[in-house]
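Engineer: Structure provided below as structure tokens; questions to follow.
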Amino acid sequence: MLSVKGITKVFGGFKAVDRVSFDVAEGEILGLIGPNGSGKSTTFNLISGALAPSGGSIEFLGREIAGSPANHVAQFGIGRTYQIPRPFKKLSLLDNVALAAYYGQSERPSREKAYAQAQEALKLVNLPSGEHARVDGLGAAGLKKLELARALATQPKLLLADESLGGLDESEMDAAADMLAMIRDQRGVTIIWVEHIMGVLMRVVDRCVVLDHGEVIAAGKPQAVAHDPRVIEVYLGTDADEVQKSIATRQGGVA
């Protein structure tokens, strides 16, 4: 579905992303992981059109999209969430999501259809879909769900989920991870997930790509990546045992 080939992004003399390449298959959940400053968010911004690459290619469903503006990328079928939700606080939840449905698709739906799609997206993430439900009072988990609903309302084929677990407690993290898996399974949405909470992410993703200093240092199945000496050295550190046990629990065996 997505083929990233040698993308590079240079800011002045700083190379934030350096010849990064990976593919994403239809129906897959791919984890994009790495320490702070490794280039994860920049890579997301390059794919989603928030930034234009300095070099390389990004093909989505056979179409070259590198350098396309963000609104066009959304209309091609790539939706994304953001680490810091910024909803329209004076609008209802339904209006927030309906706006995304109305402006984020290649063929603009009618007002009625946009609101129907918004209600569907809100129900999918377990948020109120009535006309009077407000943004005020939503906690961290609720705001993350609203961000996800807005992305889903654009009817994406590929979802870029950026830090969906930030600010959540343990039970909320598990619920959010299960929700992403459910969206893939029930809606057929392919997902790339950037996350720092490795124990939760590794239980859900099919494969991982690991970045460090803007370069890919490992890629493969979660079990193999979690045991990679370089990944342990630069990223997992003392959490390696916990992550490996989490993967073993998911697989019902011993990692």
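The values are calculated or read from the model by the stated rules, or taken from the named source; none is laboratory data. Quantities reported herein were computed from a predicted structural model and do not represent experimental measurements. With ideal geometry, Cβ positions are generated from the backbone for all residues, glycine too; neighbour counts draw on all protein chains shown. The accessibility values were calculated without ligands, DNA or RNA, using every heavy atom of the protein model including side chains. Shrake-Rupley method; radii C 1.70, N 1.55, O 1.52, S 1.80 Å.
Engineer: If you keep only loop residues by DSSP, which GluC sites (Glu not before Pro) in region 27-131 have at most 12 other Cβ atoms within 10 Å of their Cβ?
Structural biologist: Working: sites: GLU28, GLU59, GLU64, GLU107, GLU112, GLU120, GLU131; in loops: GLU28, GLU107, GLU131.
Filter output for region 27-131: GLU107, GLU131.
Engineer: Further question on the same structure: Amide H of GLY55: which non-local residues (sequence gap of 5 or more, or other chain) have their own amide H closer than 5 Å, using H built in the peptide plane?
Structural biologist: Residues meeting the amide H criterion: THR8.
Engineer: How large is the Kirkwood hydrodynamic radius of the chain, counting all unique pairs of alpha carbons, in Å?
Structural biologist: Averaging 1/r across every pair of different Cα atoms and inverting gives 18.6 Å.
Engineer: Hey, another quick one. If you place +1 on the Cβ of every Lys and Arg and -1 on the Cβ of every Asp and Glu, how big does the dipole about the Cα centre of the chain come out, in debye to the nearest 20?
Structural biologist: Taking the Cα centre of the chain as origin, the dipole is about 740 debye.
Engineer: Which residues in region 41-67 have a backbone N closer than 20 Å to a point placed 7 Å from the Cα of ASP23 along the Cα-to-Cβ line?
Structural biologist: Only 47, 56-66 pass the distance filter.
Engineer: Something else about it: Given LYS9/LYS144; LYS9/LYS157; LYS113/LYS144, which pairs have Cα atoms separated by over 31 Å?
Structural biologist: Numbers: LYS9/LYS144 28 Å; LYS9/LYS157 25 Å; LYS113/LYS144 24 Å.
Long pairs (Cα-Cα over 31 Å): none in the table.
Engineer: Residue by residue, what Karplus-based ³J(HN,Hα) values in Hz, rounded to whole numbers, does region 134-147 have, using 6.51, -1.76 and 1.60 with θ = phi - 60° and x for Gly and Pro?
Structural biologist: 10, 6, 4, x, 5, x, 4, 5, x, 5, 5, 5, 4, 4
Engineer: Quick one: order THR190, THR42 from most to least accessible surface, probe 1.4 Å. Walk me through the numbers on the way to the answer.
Structural biologist: On the way: THR190 0, THR42 25 Å².
Greatest to least solvent exposure: THR42, THR190.
Engineer: Taking only Cα atoms, what is the 0 to 90° angle, nearest 10, from helix 170-187's long axis to the longest principal axis of the chain?
Structural biologist: It works out to around 70 degrees.
Engineer: Using only the heavy atoms of the protein chains and a 1.4 Å probe, how would ASP18, ASP95, ASP241 rank by accessible area, largest first?
Structural biologist: If we order ASP18, ASP95, ASP241 from most to least accessible, we get ASP241, ASP95, ASP18.
Engineer: Calculated FRET efficiency, MET182 and ALA224, Cβ-Cβ r, R0 35 Å, to nearest 0.05?
Structural biologist: Calculated value: 0.85.
Engineer: How large is ³J(HN,Hα) for each residue in region 55-68, as worked out from phi by the Karplus curve 6.51 cos²θ - 1.76 cosθ + 1.60 (θ = phi - 60°), to whole Hz, x for Gly and Pro?
Structural biologist: Values, residue by residue: x, x, 10, 10, 10, 10, 6, x, 9, 6, 10, 4, x, 5 Hz.
Engineer: Projected onto the charge dipole of the chain (+1 at Lys/Arg Cβ, -1 at Asp/Glu Cβ, origin at the Cα centre), which of ASN96, ALA161, PRO85 gives the Cα projection farthest towards the positive end?
Structural biologist: ASN96
Engineer: Another question, if that's okay. Could you tell me the distance between the Cα centroids of region 49-123 and region 179-235, to the nearest Å?
Structural biologist: Region 49-123 and region 179-235 have Cα centres spaced 24 Å from each other.
Engineer: So for region 1-135, averaging the separation of alpha carbon pairs under 8 Å that are six or more residues apart and normalising by length, what relative contact order in percent results?
Structural biologist: Relative contact order of region 1-135: 19 percent.
Engineer: From the backbone phi of region 114-123, what are the Karplus-calculated ³J(HN,Hα) couplings (6.51 cos²θ - 1.76 cosθ + 1.60, θ = phi - 60°) in whole Hz, Gly and Pro given as x?
Structural biologist: 4, 6, 5, 5, 5, 5, 4, 5, 5, 5
Engineer: Over the chain, what is the relative contact order in whole percent, taking alpha-carbon pairs under 8 Å and six or more residues apart?
Structural biologist: That works out to 23 percent.
Engineer: Okay, moving on. What accessible surface, in Å², does a 1.4 Å probe find on SER164, ignoring ligands, DNA and RNA and rounding to the nearest 10?
Structural biologist: 20
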